[in-house]
Amino acid sequence: MPNTLSEKIILSHLADKATHLPKAGEPISIHIDQTLTQDATGTMAYLQFETMGLSRVKSELSVSYVDHNTLQEDYKNQDDHRYLQSVAAKYGIWFSRAGNGICHQVHLECFGAPGKTLLGADSHTPTGGALGMLAIGSGGLDVALAMGGAAFDLLMPEIIGVRLSGKLTGGTSAKDVILDLLRRETVKGGVGAIYEYFGEGIAGLSVTERASITNMGAELGATSSIFPSDEKTKVFLEDRGRGGLWKELSADAGAVYKRVIDIDLSALRPLAACPHSPDNIKPVSELAGLPVDQVVIGSCTNSSLDDLAAVAVIVSGKTVHPRVSAGVACGSRTTLLAAEKAGILSELLRAGFRVLECACGPCIGMGFAPKSGGVSLRTFNRNFKGRSGSADAGVYLVSPQTAAAAAISAVFTDLAGENITMPDTRPFLLQSQRFSSDMLISPLSPEEAKNIEIERGPNIKPCPISTPIADKVDLPVLFKGGDNISTDDIMPAGAKVLPFRSNIPEISKFVFSALSPDFYQKAKKAGSGLIIGGVNYGQGSSREHAALAPMYLGVKIVAAKSFARIHKANLINYGILPLTFINPEDYDLIQTDDILEFKDLHQLLEKKSGDGQLEILNRTNGKRISLVLQAGENEAQILRSGGRIPHMKGN
């Protein structure tokens, strides 16, 4: 049978060495070649890895990046960074220092390789799919296990084909490709799927353009996104001194996709994701003339040298409008050095852009927040309400070209049909590439690592361990949310919260702080409880703290209409039962503070196959509600044990 590219990589990495491909929806386990963490997820992941008692990581390559918590208002973030650096030295892990860049762009430049599997404790790990990798985001505990040599468990994804034809023209860019796909598929359309790109249109897209598409594929809820490895991939790797890793990879002729989406690149026009969701898409032509207060170029989606060059071309000889605050953050130190050599950086500075650190920064609410009620155009990947740091701001996700035009005019400007001639930036990138390793610390030898003492600051606390749920429980509803509740809603980011990522007792005080300010006090008083959600509960970031902190506060069950993939896995990892409404209308039979009665939970978790159904009683109004546990046998065993760590220790 001919296979898709995704199926080929999965088949070659199956832990059970099967020779046939599992069907979509069946449980699979795959070997992981590479892992990555960042400092917002890494501290907890490495604390968990330490409990395994291993002297060295067993993965082919693991990298610890510092790119999130780089604002150092006090000792907390720097203490975490010193912990991460000492752990990397101790256990054979590469360490990327603060200032070296955003994990996804640096990994693409320095470590990514066609045909490899990559598991990252960050939802935008699928960026690596631009190189023909199968790159998947997950919770930190799954990454810790992969570093210990364990296979990664998931359900066999459906493979959706995206056939690209034509060529991008005028003011359109790769950003408009993924925004168009989000317009069609929505933020929940890709749950349980991999988007695989093919067709003659891909030949006109550089690796960094492909990376913008695979990066934002995370907003579809997809397991991953992937492009073939072709001549463009070869040139990208050769330019970075890694040409020996290249191999040609593509789908077999006659490969069958679950369905195929056709996108004519020539027909695309500039698009924007409007507040407050990445799938709230409108043509820029409909927004033309809308006043703009802020423009930010950067994030792991659009901060490559080509992105910056496109901005420089548009603002050349012009000045940022007096009413606009404009900032730019290069995705990596290599990009920053190349932009300086090419004259791009000086052009942006001359025009009035403020240069920010090579880090995630404003994308996660770490500085450069918009004004109250302001309109901010960002080349980022998420625009959830309040994520920017200003609760009432309107954040639009746009291409670098659209953002640059707005910086000059102070209004949305449609560049459709504009002839934007890009300079050749490759020579400058080649000059700067040799400096990329300066901020990367390579792993020590096993002999050298024996002498390393791990540094732990006072803000670093042990990871709390979950406990098994009782057979019968009466639980209060601590919070009821609507559709598309994000992990930002559950566990906010930002400069106030992120420094507590290694301190669960402290960070738990911020759970649902924007949607339900009294959640922490209510949960502490109740001792245990549950959460009710709508469709696609837990979308967005992979942050396992959105499961870990509620677990610490006594949350035992989340009942929702449906779950985002990574968050559901994180709930199971920490012993929280993810139950789904059999009849979606039963959602309306439950309100905050109702008391729900659950019986025979142990019997539910003893199931060997299939979905376990459960009828519960709302003791507050007397209504009966039907729920189902959609979990495989191994997941049920983990829940019986009270979570992944107790399950490991029990075995």
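Throughout, read-outs are computed from the coordinates displayed, never taken from laboratory work. All values derive from a computational prediction rather than experimental measurement. When we count neighbours, we look across all protein chains shown, and the Cβ atoms used for this are built from the backbone with ideal geometry, even at glycine.
Remarks
- Relative contact order (%) - the range 218-369, alpha-carbon pairs under 8 angstrom, separation at least six: 16 percent
- Pairs exceeding a 22 Å alpha-carbon distance, out of 461/496; 472/524; 175/258; 76/509; 58/90: 175/258.
- You can think of it this way: the chain between residue 349 and residue 445 has 30.3 nm of extra reach, that is 0.36 nm per residue less the Cα-Cα gap.
- Legend: calculated FRET efficiency, residue 582 to residue 266, from the Cβ-Cβ distance at R0 = 56 Å, rounded to 0.05, equals 0.75.
- Structure-based [θ]222 nm, the chain - -39500 (n - 2.57) summed over DSSP H runs of at least 4, per residue, nearest 500: -8000 deg cm²/dmol
- 20 Å reach of a label modelled at residue 72, 7 Å along Cα-to-Cβ, counting backbone N of the range 489-533: 494-503
- Projected over all directions and averaged, the alpha-carbon convex hull of the range 271-423 occupies 7.8 nm².
- For the range 456-490 versus the range 1-72, the gap between their alpha-carbon centres in whole angstrom: 24 Å
- Packing order of peptides 336-345, 220-229, highest average first: 220-229, 336-345 (average count of other Cβ atoms within 10 Å over each peptide's residues).
- Using the Cβ-Cβ distance between residue 438 and residue 239 with R0 set to 22 Å, the FRET efficiency from 1/(1 + (r/R0)^6) comes to roughly 0.80.
- Using Cβ point charges alone (K and R +1, D and E -1), the dipole size of the chain about the Cα centre works out to roughly 700 debye.
- Rg of the Cα atoms in the range 159-244, relative to 2.2 N^0.38 Å, amounts to 1.11.
- Net charge of neighbours whose Cβ lies under 13 Å from the Cβ of residue 466, counting Lys and Arg as +1 and Asp and Glu as -1: +3
- Three principal axis lengths of the range 166-209 [C-alpha, angstrom, descending]: 31, 20, 18
- Span from the the range 278-328 Cα centroid across to the the range 238-275 one, whole angstrom: 24 Å
- Neighbour net charge for residue 423 - beta-carbon separation under 15 angstrom, K R +1, D E -1: -3
- Principal axis box of the range 473-650, alpha-carbon based, largest edge first, Å: 42, 39, 27
- Measuring r between the beta carbons of residue 340 and residue 419 and using R0 = 25 Å, the FRET efficiency lands at 0.40.
- Remark: the residue 247-residue 392 segment gains 47.4 nm on full extension, using 0.36 nm per residue and subtracting the alpha carbon distance.
- Across the chain, the mean sequence separation of Cα contacts (distance under 8 Å, 6 or more residues apart), normalised by length, yields a relative contact order of 14 percent.
- Taking a Cβ cut-off of under 10 Å around residue 175, the surrounding Lys, Arg, Asp and Glu residues balance to a net charge of -4, with basic ones at +1 and acidic ones at -1.
- Packing order of peptides 487-496, 509-518, highest average first: 487-496, 509-518 (average count of other Cβ atoms within 10 Å over each peptide's residues).
- Burial ranking of peptide ranges 88-94, 468-474, 287-293 (average Cβ count within 10 Å, highest at the top): 88-94, 287-293, 468-474
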